[in-house]
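Q: Before anything else, here's the structure in question.
The values are calculated or read from the model by the stated rules, or taken from the named source; none is laboratory data. Being a predicted model, the structure only gives us computed values, none of them experimental. Cβ coordinates were reconstructed from backbone atoms using ideal geometry, including for glycine residues, and neighbour counts include every protein chain displayed.
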Amino acid sequence: MRRSGESGFGRPESGFGRSDAGFALASALFAVFLLAVAAALLSAALELRVRVARDEARGVVRTALTDAALAEALAHLAADPAFPGAPEHPFGGGTIASRVERQAADRYQVLARADYRGRARTAAADVERVDGDLQVTAWRRLPQPGAERAEGFSPQ
């Protein structure tokens, strides 16, 4: 005689048939799949943010090194009006160099270059000597890192 709550095979009746159990398994697998996709998207977004932050930090270092090369050239030019520029040398984890071109008696163009982790940045400054002091009248970053090599800018 069967007790209440038992099936004919001696197992308790759960109220679910085989198709219901298969649906529950499929639903659980689909939920796990969605979580895996969400985790992969989150991981990719975080990786992108880290890469952008690293590139930005390297760009800031390149800018600082370019400014250092320009400051070095201006300091030497203030002491020696015939200063031709500084050859490439290590500085701040990268390398810097400069070239000074006399435009007129008291006017110069200073090209400053910095290399850091395989990428370069070059800036050009127009400089005037006024009453013995140097004044930067214009400053600009050259747009393409490879352009200074193509135009013949090579450190002394």
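Q: Would you check which residues across segment 68-82 are more than 18 Å from T137 (Cβ to Cβ) and modelled with pLDDT of 95 or more and list them? Break it down stepwise before answering.
A: Quick first cut of segment 68-82, residues more than 18 Å from T137 (Cβ to Cβ) only: 68-69, 72, 76, 79-80, 82.
Across segment 68-82, the qualifying residues are A68, A69, E72, H76.
Q: Scan segment 61-86 for residues that are surrounded by fewer than 16 Cβ atoms within 10 Å (Cβ to Cβ) and either over 21 Å from L134 (Cβ atoms) or among the polar types (S, T, N, Q) (or both) and jot them down.
A: Selection gives T63 alone.
Q: Within segment 56-67, restricting attention to residues that are free of Cβ contacts under 8 Å to residues at least 24 places away in the same chain and of a type in the set (A, V, I, L, M), which residue is nearest to L142 (Cα to Cα)?
A: The residue in question is V60.
Q: Let me ask something else about it. Which count do you get for residues in segment 87-101 that are exposed (fewer than 12 other Cβ atoms within 10 Å of the Cβ) and free of Cβ contacts under 8 Å to residues at least 24 places away in the same chain? Quick ask: steps written out before the conclusion?
A: Step one: list which residues in segment 87-101 are exposed (fewer than 12 other Cβ atoms within 10 Å of the Cβ), which gives 89-90, 93.
After this cut, where a residue has to be free of Cβ contacts under 8 Å to residues at least 24 places away in the same chain as well, the list is 89-90.
The number of residues fulfilling the criteria is 2.
Q: From the list A112, A104, which one is surrounded by fewer than 16 Cβ atoms within 10 Å (Cβ to Cβ), of a type in the set (A, V, I, L, M) and under 19 Å from Q135 (Cβ atoms)? Step through it out loud before you land on a result.
A: Details: A112 fails: surrounded by fewer than 16 Cβ atoms within 10 Å (Cβ to Cβ).
Answer to the selection: A104.
Q: Among (1) more than 13 Å from A120 (Cα to Cα); (2) touching a Gly at 6+ places or on another chain (Cβ under 9 Å), there is one condition G92 misses while meeting the rest; what is its number?
A: Here G92 meets the rest and fails (2).
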